[in-house]
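Have a look at the structure below, then the notes.
The values are calculated or read from the model by the stated rules, or taken from the named source; none is laboratory data. All of these numbers come straight from a predicted model, not from anything done at the bench. Here the Cβ positions follow ideal geometry from the backbone for every residue, glycine too, while neighbour counts run over all protein chains shown. Quick note on the areas: whole protein, heavy atoms, side chains included, nothing else; ligands and nucleic acids left out. Shrake-Rupley method; radii C 1.70, N 1.55, O 1.52, S 1.80 Å.
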Amino acid sequence: DKNGITSVNATAENNSGFLLFPNPAKSSCTLQLTGNPEICSAAVLDITGREVLPLFSNQRLSGFNFSTDKLCSGLYFVQVNNGNGNRAVCKLIKE
């Protein structure tokens, strides 16, 4: 589905359904959905897959800015789920 979030990729540049910038992030980051906005949920996960920062739930958004101040420096994953059960994941590096 070209308009949906249907793939799981390591980087936002690999057609994952959203862009994440700046990456690496210092104090804030923007998640920009590509294609048609859908009802989605998103969260930041640590390397074990545990949710450490919920971003939004059941909203129709094309973009979302969030603070990374509460995250320690390191590697994280941003996961976006749409209403059809599709998921996309992107690496996020916090400086």
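Long-range amide H contacts for residue 55: which residues qualify at under 5 Å (H placed 1.01 Å from N, peptide plane, sequence gap of 5 or more or a different chain)?
42, 43, 44
Testing the spin-label approximation: label points 7 Å from Cα along Cα→Cβ at residue 67 and residue 50. State their distance in nm.
Label-label distance for residue 67 and residue 50, simple model: 2.2 nm.
How charged is the neighbourhood of residue 53? Take every other residue with its Cβ under 13 Å from the Cβ of residue 53, and add Lys/Arg as +1 and Asp/Glu as -1. Display every interim value, and only then the final one.
On the way: positive: 50, 70, 94; negative: 46, 51, 69.
For residues surrounding residue 53, the net value is 0.
Please list, ordered by chain and number, the residues whose modelled amide H lies under 5 Å from the amide H of residue 68; skip anything fewer than 5 residues away on the same chain.
So residue 68 has HN proximity to 28, 29.
Report, in debye and to the nearest 20, how large the dipole of the stretch 18-95 comes out about its Cα centre when Lys and Arg carry +1 and Asp and Glu carry -1 on their Cβ.
Approximately 40 debye in magnitude.
Whenever you get a sec, compute what percent of the accessible area on the stretch 52-95 sits on carbon and sulfur atoms (1.4 Å probe).
Numbers: 1160 of 2500 Å².
Carbon-and-sulfur percentage of accessible area, whole number: 46.
If you plug each phi of the stretch 75-89 into the Karplus form 6.51 cos²θ - 1.76 cosθ + 1.60 with θ = phi - 60°, what whole-Hz ³J(HN,Hα) values come out, in order, with x for Gly and Pro?
With coefficients 6.51, -1.76 and 1.60, one gets 9, 9, 10, 9, 10, 10, 10, 9, x, 8, x, 7, 9, 10, 10 Hz.
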